[in-house]
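The structure under discussion appears below in the form of structure tokens.
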């Protein structure tokens, strides 16, 4: 192998991790933030970012993060890669999961979802992930409209 080709290969190996892309071709950026409901954190809440498709192409995998006691979350893809795909995402936030605290039981004895449907099943929340990422992807949500 020629010296120039060896240097190019070495440069690709060294700098590829910093390019923000993976072998699938989508860019990732580090995303974290805080979620509150009526000014209070909801420990254990699940934050889901799902990239929206453009022109019928697969935009890449979704990302999720679980809120800690202070409502802080950090996203990872379903492939356990840190961050979220660069681009526009639909955001859904749920309190109900086996690890989440129960706010109130319903008639069937199941935990009640604390976040209104407009933040999860019927969510219109969006977030634009920039290539530089952010630590302030915060969602200050309310029960009332």
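The values are calculated or read from the model by the stated rules, or taken from the named source; none is laboratory data. Predicted, not measured: the structure shown is a model, and the values here were computed from it. No Cβ is skipped: glycine too gets one built from the backbone with ideal geometry, and neighbour counts run over all protein chains shown.
Numerical summary
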| quantity | calculated |
| --- | --- |
| Test result for residue 93, under 22 Å from residue 136 (Cβ atoms), modelled with pLDDT of 95 or more and touching a helix residue (DSSP H, G or I) at 6+ places or on another chain (Cβ under 6 Å) | yes |
| From 56, 65, 60, 44, residue being touching a residue at least 40 places away in the same chain (Cβ under 8 Å) and either part of a loop (DSSP other than H, G, I, E, B) or under 27 Å from residue 111 (Cβ atoms) (or both) | 44 |
| Count of residues meeting criterion [farther than 14 Å from residue 88 by Cα and part of a loop (DSSP other than H, G, I, E, B)] in segment 133-145 | 7 |
| Which listed residue is at pLDDT below 95, surrounded by fewer than 18 Cβ atoms within 10 Å (Cβ to Cβ), closer than 25 Å to residue 135 by Cβ and within 21 Å of the chain's Cα centre (by Cα), from 27, 60 | 27 |
